[in-house]
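The values are calculated or read from the model by the stated rules, or taken from the named source; none is laboratory data. No experiment lies behind these values; they were computed from the predicted model shown. Here the Cβ is made from the backbone with ideal geometry for all residues, glycine too, and neighbour counts use every protein chain on show.
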Amino acid sequence: MKAILVKDDTKELYIDKVARPDFNDDELLVSIKATALNRADLLQRRGLYPPPPGASNIIGLEMAGEIVEIGKNVKDWKIGDRVFALLSGGGYAEYVNIPAKTAMRIPENLSFEEAAAIPEAFLTAYQAVCWLGGLKVGQKVLIHAGASGVGTAAIQIIREFGSEVYVTVGTEKKQEACLLLGAKLAINYKKESFEEKIKEITENKGVDIILDAIGANYWQQNINSLAMDGRLVIIAAMSGGTLNQVNLYEILRRRLQVIGTTLRARALDYKIQLTEDFAKFALSRFQNKKLVPVIDKIFNWQEVNLAHKLMESNENIGKIVLKIDN
């Protein structure tokens, strides 16, 4: 099969032939029609985020495609079914093998490109906000990087829960996009302090949950913006992961929880349970368009280097998708 590989010296991406993956009795072999970019892809390309043991060395954490072969223990799928799934690796290729229980059926109204924009962003957001953040109806949530793939997914999930969502973004265009998705407030962090705006809109009470991908630079403002019993869920540390000082008394006094999480290296059973729980919540909502995948741009996979440059620019709103020719 063809796959996107990385040149050792320049870190440039290129397409070449590799062995098609094997699949076991509990797996599906899927012909990939589309995949999508994630910031982890940028790190892996640079050699900074190796795949977990046993995972494919090929970049790519999600895909949508058609089943072409089925393991003998698999009962619920047939050849030709359209599926999408979260991956530990292998998405930038013509074929991938996946555990059958991690596959989700693509709603009839979604294209392969739209479906490929869902798994990593929506499952990350659902896990962080609902499972780890313990989201309840009527709570208030602050999402950093609100116009990112995870951010645009989280806005919609929180809105569907009947809770209130605020976001931080860096441009007016991103503010508008987040407000259209259902955010009550979109704060341009380049122009004003999100801590002050959160205090103002919550009447100094703070928010119940913060979903943070920024890290060190936002630590103190995040702590100051949480309500009593608030939860800070950290999914990345784009500004760095080292803090000089932490006031533990403030965390104790307000009974705050700081939760760190990644999804890629989680156990298979965890991913299956998360996928099944998310599918029950979300698939009908994608069918009736209460939830929508937000796509900034679709590239042919021959243009993968341009796609990565767009993600590195931080200009995208929502997901960047690669269409796979096979």
Pairs, first free of Cβ contacts under 8 Å to residues at least 24 places away in the same chain in region 308-326, second part of a loop (DSSP other than H, G, I, E, B), C-beta under 7 Å, six or more apart: Leu310/Asn316
Any hit, region 158-175, residues being touching a residue at least 40 places away in the same chain (Cβ under 8 Å) and in contact with a Ser or Thr (Cβ under 8 Å, 6 or more places away or on another chain): no
Sole exception among (1) over 17 Å from the mean Cα position of the chain (by Cα); (2) assigned by TED's automatic domain parsing to the domain that holds Glu113; (3) under 20 Å from Ala154 (Cβ atoms) for Asp269, by number: (3)
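Please pick out the residue among Asn109, Asn73, Asn57 that is surrounded by fewer than 22 Cβ atoms within 10 Å (Cβ to Cβ), farther than 30 Å from Lys190 by Cβ and touching a Pro at 6+ places or on another chain (Cβ under 7 Å). Break it down stepwise before answering.
Numbers: Asn109 fails: touching a Pro at 6+ places or on another chain (Cβ under 7 Å); Asn73 fails: touching a Pro at 6+ places or on another chain (Cβ under 7 Å).
Step by step, each of Asn109, Asn73, Asn57 is checked, and only Asn57 is surrounded by fewer than 22 Cβ atoms within 10 Å (Cβ to Cβ), farther than 30 Å from Lys190 by Cβ and touching a Pro at 6+ places or on another chain (Cβ under 7 Å).
If I filter region 284-305 down to residues being of a type in the set (Val, Ile, Thr) and in a loop (DSSP other than H, G, I, E, B), which single residue comes out as nearest to Thr152 (Cα to Cα)? Show your work before the answer.
So the first thing to find is which residues in region 284-305 are of a type in the set (Val, Ile, Thr), and the list is 292, 294-295, 298, 304.
Filter again for in a loop (DSSP other than H, G, I, E, B), leaving 292, 294.
Numbers: Val292: 9, Val294: 7 Å.
The qualifying residue nearest to Thr152 (Cα to Cα) is Val294.
Residues Glu94, Glu108: which one is touching a residue at least 40 places away in the same chain (Cβ under 8 Å), under 24 Å from Ser56 (Cβ atoms) and of a type in the set (Asp, Glu)? Outline the logic, then answer.
Values: Glu108 fails: under 24 Å from Ser56 (Cβ atoms).
Answer to the check: Glu94.
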Breaking point among (1) part of a helix (DSSP H, G or I); (2) surrounded by fewer than 18 Cβ atoms within 10 Å (Cβ to Cβ); (3) of a type outside the set (Ser, Thr, Tyr), for Ile158: (2)
Enumeration of residues in region 35-54 that are within 18 Å of Val321 (Cβ to Cβ), aliphatic (A, V, I, L, M) and either surrounded by fewer than 16 Cβ atoms within 10 Å (Cβ to Cβ) or touching a Lys or Arg at 6+ places or on another chain (Cβ under 9 Å) (or both): Ala36, Leu37, Ala40
Number of the exception - Ala154 against (1) touching a residue at least 60 places away in the same chain (Cβ under 8 Å); (2) touching a helix residue (DSSP H, G or I) at 6+ places or on another chain (Cβ under 6 Å): (1)
Subset of region 25-57 that is closer than 18 Å to Ala85 by Cβ and hydroxyl-bearing (Ser, Thr, Tyr) - its residue that is farthest from the chain's Cα centre (by Cα): Ser31
Residue list for region 283-307, filter: under 15 Å from Asp41 (Cα atoms) and in contact (Cβ under 8 Å) with a residue 60 or more places away in the chain: Trp301, Val304, Asn305, Ala307
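Consider Asn326 carefully, then state whether it is closer than 23 Å to Leu110 by Cα, modelled with pLDDT under 95 and either touching a strand residue (DSSP E or B) at 6+ places or on another chain (Cβ under 8 Å) or assigned by TED's automatic domain parsing to the domain that holds Gly60 (or both).
On the way: closer than 23 Å to Leu110 by Cα: yes; modelled with pLDDT under 95: yes; either touching a strand residue (DSSP E or B) at 6+ places or on another chain (Cβ under 8 Å) or assigned by TED's automatic domain parsing to the domain that holds Gly60 (or both): yes.
Yes, satisfied.
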Pair list, Cβ under 7 Å, 6 or more apart: region 207-227 residue within 21 Å of Ala147 (Cβ to Cβ) and in contact (Cβ under 8 Å) with a residue 40 or more places away in the chain, other residue of a type in the set (Asp, Glu) and assigned to a helix (DSSP H, G or I): Ser225/Glu195
Residue in region 88-106 that is over 16 Å from the mean Cα position of the chain (by Cα) and surrounded by fewer than 16 Cβ atoms within 10 Å (Cβ to Cβ) present: yes
Conditions (1) out of contact with any Leu (no Cβ under 9 Å at 6 or more places or on another chain); (2) in the same structural domain as Asp229 (by TED's automatic domain parsing): number failed by Leu110: (2)
Selection within region 103-145 - in contact with a helix residue (DSSP H, G or I) (Cβ under 8 Å, 6 or more places away or on another chain), in a loop (DSSP other than H, G, I, E, B) and closer than 13 Å to Val165 by Cα: Leu135, His144, Ala145
